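None of the figures in this text is laboratory data; all of them are computed from the coordinates on show. A quick note: this is a predicted structure, and the numbers were derived from the prediction, not measured. Reconstructed Cβ throughout: ideal geometry from the backbone, glycine too, with neighbour counts over all protein chains shown.
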Amino acid sequence: MRGVTFNDLSLACGKHYSYQHQGDCEHVMTIRDIRLAHADDPKDRHVYPLRIFRGRPFRRRCQMCDVFDAKHVTIADELAPCSPCFFCDKCFEILHLDENGRPVYAEYTRYPYHHE
C-alpha cells in the first residue's frame, strides 16, 4: 500500500475506514464531506487531505467492569444485561469463550467496537 494516495481510493461519505500503519497501529476515520476546492483553500497539495473538524473523543466503557474501554459490542446476547452491550477484551473472553478460546455459544451477533 506504500505510495497509495487518496486519489487512488474509492471513498463514500459516512462510511468508516481503517488506516493501519507500523504493523498494528490502527485508526478509524470517517469521511464526512467531500467538496470541490474553493479559491480560498490552500494551494499546496501536501496539506491535503485537509482536516476541518476533529471531534472530541468519546470512549465507551465496558458495561460489565466499567473499568476498561469497550472493544466489542454484542446484540441479542442472552448473557448480557442489555442489547446492545459493550465489552472490554477481558470481560468478553470471560463471558463468551472457553479456556481454549472457543465460543461458549453463538446465539448473538458480535461486532468490533471503534470509539467515536
Item to complete: Loop sites only, by DSSP: take the chymotrypsin sites (Phe, Trp or Tyr not before Pro) in the chain that have at most 13 other C-beta atoms within 10 Å and name the longest stretch containing none of them.
Response: 1-52
Worksheet item: What residue among I75, I34, I52 shows peak mean-square fluctuation when the chain is described by a Gaussian network model with Cα springs under 10 Å?
Response: I52
Worksheet item: When the chain is modelled as a GNM with alpha-carbon springs shorter than 10 Å, which of A37, A106, A12 fluctuates the most?
Response: A37
Fill in: Label selected from (1) 58, 28, 24; (2) 53, 45, 29; (3) 55, 40, 25, the criterion being Cα extents along the principal axes in Å as computed here
(1)
Worksheet item: At what distance in nm do the modelled label points of F58 and H38 sit from each other, each positioned 7 Å from its Cα along Cα→Cβ?
Response: 2.7
Worksheet, complete the sentence: To the nearest 0.05, the calculated FRET efficiency linking E99 and V47 through their beta-carbon distance, R0 being 41 Å, is 0.20
Practice prompt. DSSP loop (so not H, G, I, E, B), at most 15 other Cβ within 10 Å: list which trypsin sites (Lys or Arg not before Pro) in the range 28-80 pass both filters.
Written response: R32, R35, K43, R51, R54, R59, R60
Discussion item. Taking R0 as 22 Å, what FRET efficiency do you get between D89 and M29 from their Cβ-Cβ distance, rounded to the nearest 0.05?
Written reply: 0.45
Worksheet entry | Helical mean residue ellipticity (222 nm; -39500 (n - 2.57) per DSSP H run of 4+; nearest 500) of the chain | -2000 deg cm²/dmol
